[in-house]
Amino acid sequence: MRFLKIVLLAATFYGLYSCEDSLTEEKRVANELTIQNYLTSNNLEFVKHDGVFVTILYKGYGYHVVPGDSIGFWYVGRTLTGNVFDTNISEVAEEVGINPEARNFSPVEIVAGNDNLIQGLSRGIPLCREGQWNTLYFPSTLGYGDEQAGSVAPWTPLVFDIFIIYVKNEKIIQEHNNINNFVASMQGFAPDTTGMWTRYTAEGSTLESPMPSDTAYAWYRLSTLDFKPVFEIENENEEIILSNQLIEGVKLGLMKLKPGEAMQLVIPSPLGYGVEGYQNVMPYTPLFCEIRLDSIK
């Protein structure tokens, strides 16, 4: 009889947990559908990863966040209806009437992958990039769940605008040193707003620069900063479709040129082969690029 009571009690608990899991899953599916409809109806391009929807508010060109990086970021937390419920930006707090005494208006500083953030932020921040405003959308199951959190009702999908101020690790520090030493040893390189260093070797064209949808006829060659070959276009005046999978630095370089112009670039790894590397190029390796634009179609 005692055994039967234990079995019945266990069955009761299992039923409760099963119902709870079912409700959580139901809310997750409903929230994700709401988020997707919101993004679609507002014509927002997005990617979805690990339950988090990500859009770009303002394009940046810095380092992508990987677990173990030290990062600092600004944020604005809101709902899909526009209710701003939290921020560490004083101007935003003042604008929406958030009590300044209850907030710390300084960057959040964490080690990515080792934090106490809600799940949606922990999963979403590695999808962000230094110098870029991203917006993260995620279901309540990755947020506050069935709890009331200030003005946020239970089971409310959340939206966070995130600006990554900096990304740091030992490899990034070493890369910065390598780039600084290289440009110091050369003459004529100037820093660019994308994070590259540029030096024109032929300029003065009065024609227009290419657009992202254009086809360029061009030539370029990539090497490491110690001039080890990485890649070279085999033919002069090669057809290059800018919307194809060029590394970002080459694409940006071509879009800076006008037909007949040429330049040299120092491309930091976020605009090259990044944290993954490629074949004989190690992760966090900056590149030296020689590039020439002949014509545009």
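Membrane-span-like helices in the chain, defined here as complete DSSP H runs extending at least 20 Å along the helix axis by their C-alpha atoms with mean Kyte-Doolittle hydropathy no lower than -1.0, are 2-41, 170-185; this is a sequence and geometry rule, not a statement about a membrane.
Computed over neighbours whose Cβ is under 12 Å from that of G204, the net charge equals -1, Lys and Arg +1, Asp and Glu -1. Looking at the range 2-168 alone, DSSP beta bridges between its own residues are antiparallel in about 95 percent of cases. The lysines whose alpha-carbon is closer than 22 Å to the alpha-carbon of K297, local same-chain residues fewer than 8 away aside, are K251, K256, K258. Charged neighbours of M186, selected by a Cβ distance under 14 Å, balance to -1 (K, R count +1; D, E count -1). Here is how the number arises for the chain: DSSP H runs of 4 or more residues each give -39500 (n - 2.57), the sum is divided by the residue count, and the result at 222 nm is -8500 deg cm²/dmol.
Put simply, the convex hull of the Cα atoms in the range 89-131 casts, on average, a shadow of 4.0 nm². Bridging of K228 to aspartates and glutamates at a Cα separation below 16 Å is possible for E290, once same-chain residues fewer than 8 apart are set aside. For the range 129-281, the normalised intensity computed at q = 0.12, 0.15, 0.17 Å⁻¹ comes to -0.67, -0.90, -1.07 (log10 of I(q)/I(0), Debye sum over alpha carbons, equal scatterers, no solvent). How charged is the neighbourhood of P259? Take every other residue with its Cβ under 13 Å from the Cβ of P259, and add Lys/Arg as +1 and Asp/Glu as -1. Result for the local shell: -1. Cross-link partners of K27 among lysines, defined as those whose alpha carbon lies under 21 angstrom from its own and excluding same-chain residues fewer than eight positions apart: K48. Using the average count of surrounding beta-carbon atoms within 10 Å as a protection proxy, the listed peptides 183-189, 253-259, 119-125, 25-31 rank, highest first, as 119-125, 253-259, 25-31, 183-189. What share of Cα pairs, in percent, lie more than 27 angstrom apart in the range 2-168? When all Cα pairs of the range 2-168 are counted, 32 percent exceed 27 Å.
The alpha-carbon positions of the chain define a convex hull whose volume is 201 Å³ per residue. Using Cα-only point scatterers and the Debye equation, what is log10 of I(q)/I(0) for the range 138-188 at each q in 0.15, 0.17, 0.28 Å⁻¹, rounded to two decimals? Each listed q corresponds, in turn, to -0.61, -0.66, -0.98.
All of the numbers you see were taken from the coordinates with simple rules; none came from a lab. Predicted, not measured: the structure shown is a model, and the values here were computed from it. Backbone-built Cβ (ideal geometry, glycine too); neighbour counts: all protein chains shown.
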